[in-house]
Amino acid sequence: MKTYKIAAIPGDGIGTEVVSAGVEVLQALAKRDGGFAFKVDDFDWGSEYYKKHGIMMPENGRDQIKDHDAILFGSAGAPDVPDHITLWGLRLAICQPFDQYANVRPTRILPGITSPLRNVNDKELDWVIVRENSEGEYAGVGGRAHKGLPIEVATDVAMFTRAGVERIMRFAFRLAQSRPRKKITVVTKSNAQRHAMVMWDEIAVEIAKEFPDVEWDKMLVDAMTMRMVMRPETIDTVVATNLHADILSDLAAALAGSLGIAPTGNLNPERIFPSMFEPIHGSAFDIMGKGIANPIGTFWSAVMMLEHLGEPKAAARLMRAIERVTADKSLHSPDLGGKATTRQVTDAVCAALAGDNE
Ligand code: NAD
Ligand code: K
Ligand code: MN
């Protein structure tokens, strides 16, 4: 029997609540399926670790997880540690060295869930946003000089390489090609950011020639936010920079009902390093410790992990269980307007898995 080695990094805030729920569901799935098992190793990295050791994860942390089949991540961020330390010290410290350059963010309206958009149905909002995950505004290039003085200067350079843009563009076009509508929108801001974004537009034209069966268009990011709200049915696959896609995907999550549902995979498509799966939300300081975090974003991320591991049947089984639960409004957590707790949603998904006979 195949045993998958999973590194669980719950991190901070509700990350700890949803990742433990996710591990429970994965174990219930393995039990139901019988064809594979999970060996889950827990890593207590994050802000508590930082307060004890002055770093978010050990120096040799990446060596400890580099041979795992996948990583299940929660969130990095605590009220009493600066956000740039938690983000750069943990999440980006894994994504960047493991070259997880393709961040994939599916969005659709699950059964039982109402979009805040009027009159939109699940067929009209079925998107996947591809976020470039290694360059751009998150490349770490920049600095501060003359701190605190009136002449202080601070820069964060949006750094792009031809190789980096070509690989994410090709990845996104290939993904678009695999979807029924074979349609992609390339999002940039090439009117204002006239160097890097113009290179993105030019590379899009070149890569599009490799995919003659994919229909494509391009759009400025500000106009794209409007299109997402006003004409959602015209969108299928989207590719954008690290920063732009970060923002667009929170909007997408809200339009699909709640940030608490949205999943993501940080993929190293070449599979040289492990890929990392996480809900797109953060630590949610306002609800942490209350037991009411929506775990669906983590469960859906586990579905993406199973697809990546090459277990499509198990992935489909877990997605069916998730949809059976979202269809029942009495099992909606407060972010969806209900009263259900993380515990109740998790138990319901485990029960749906046990009862799944397909
Ligand atoms: P957030 O995603 O933590 O929360 C935004 C809002 O959405 C909050 O009102 C929260 O209650 C709600 N929400 C989010 N997830 C939910 C869930 N599963 N169930 C119910 N409600 C949910 O974003 P924020 O408030 O901007 O950030 C809080 C902290 O998390 C910061 O430190 C930030 O840096 C960090 N963060 C980390 C990641 C990551 O690790 N990938 C991502 C985003 C934010
Ligand atoms: K997260
Ligand atoms: Mn984000």
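If you go through segment 101-152 one residue at a time, how many are among the β-branched types (Val, Ile, Thr) and part of a loop (DSSP other than H, G, I, E, B)? Residues meeting the conditions: 6.
Condition test on Ala254, is it buried (at least 23 other Cβ atoms within 10 Å of the Cβ), at pLDDT 95 or above and either within 16 Å of ligand 3 (Cβ to nearest atom) or within 14 Å of Val19 (Cα to Cα) (or both)? Answer is no for this residue.
Examine segment 118-131 for a residue that is closer than 24 Å to Asp12 by Cα and buried (at least 22 other Cβ atoms within 10 Å of the Cβ), and state whether such a residue exists. Give the steps one after another, and end with the answer.
So in segment 118-131, the residues closer than 24 Å to Asp12 by Cα come out as 131.
If we keep only those that are buried (at least 22 other Cβ atoms within 10 Å of the Cβ) too, we end up with 131.
Yes - at least one qualifying residue is present in segment 118-131.
The residue list Gly260, Gly282, Gly265 contains one member that is in contact with a strand residue (DSSP E or B) (Cβ under 8 Å, 6 or more places away or on another chain) and crowded, with 24+ Cβ neighbours inside 10 Å, which is Gly260. Test of understanding: among Asp126, Asp122, which residue is outside the structural domain of Ser301 (by the TED database), without any contact (Cβ under 8 Å) to a residue 40 or more places away in the chain and not aromatic (Phe, Trp, Tyr)? Matching residue, one of Asp126, Asp122: Asp122.
Looking only at residues in segment 77-98 that are more than 8 Å from ligand 1 (Cβ to nearest atom) and part of a helix (DSSP H, G or I), the one that is surrounded by the fewest Cβ atoms within 10 Å (Cβ to Cβ) is His84.
Taken over segment 280-297, the criterion of being within 12 Å of ligand 2 (Cβ to nearest atom) and of a type in the set (S, T, N, Q) is satisfied by Ser283 alone. Here is the figure for segment 7-31: residues that are surrounded by 19 or more Cβ atoms within 10 Å (Cβ to Cβ) and either part of a loop (DSSP other than H, G, I, E, B) or touching a helix residue (DSSP H, G or I) at 6+ places or on another chain (Cβ under 7 Å) (or both) total 15.
Scoring Glu59 on the criteria (1) farther than 24 Å from Leu175 by Cα; (2) touching a residue at least 24 places away in the same chain (Cβ under 8 Å) leaves a single failure, condition (2).
Residues that are outside the structural domain of Glu135 (by the TED database), in contact (Cβ under 8 Å) with a residue 12 or more places away in the chain, surrounded by fewer than 19 Cβ atoms within 10 Å (Cβ to Cβ) and more than 17 Å from the chain's Cα centre (by Cα) do not occur anywhere in segment 185-196.
Of everything in segment 169-199, what is among the charged types (D, E, K, R) and either farther than 18 Å from Ile235 by Cβ or assigned to a helix (DSSP H, G or I) (or both)? Give them in sequence order. Walk me through how you get there before you give the answer.
Here is the first cut: in segment 169-199, the residues among the charged types (D, E, K, R) are 170, 174, 179, 181-183, 189, 194.
Within segment 169-199, Arg170, Arg174, Arg194 qualify.
It is to be established whether one or more residues within segment 199-206 are assigned by the TED database to the domain that holds Ile247 and either within 29 Å of Ser115 (Cα to Cα) or at pLDDT below 95 (or both).
The first filter runs over segment 199-206 and keeps only residues assigned by the TED database to the domain that holds Ile247, leaving 199-206.
Subsequent filtering for residues that are either within 29 Å of Ser115 (Cα to Cα) or at pLDDT below 95 (or both) retains none.
No; the residues of segment 199-206 include none that is assigned by the TED database to the domain that holds Ile247 and either within 29 Å of Ser115 (Cα to Cα) or at pLDDT below 95 (or both).
So that you can scan it fast, the table gives a plain yes or no per residue for (1) within 16 Å of ligand 2 (Cβ to nearest atom); (2) outside the structural domain of Ala163 (by the TED database); (3) farther than 30 Å from Lys313 by Cβ:
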| position | (1), (2), (3) |
| --- | --- |
| Ala37 | no, yes, no |
| His53 | no, yes, yes |
| Met56 | yes, yes, yes |
| Phe73 | yes, yes, no |
| Ala76 | yes, yes, yes |
| Asp80 | no, yes, yes |
| Asp83 | yes, yes, yes |
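The values are calculated or read from the model by the stated rules, or taken from the named source; none is laboratory data. Note that the structure is a prediction, hence the values are computed from the model and not measured. FYI the Cβ positions are ideal-geometry reconstructions off the backbone, even for glycines, and counts take in every protein chain you see.
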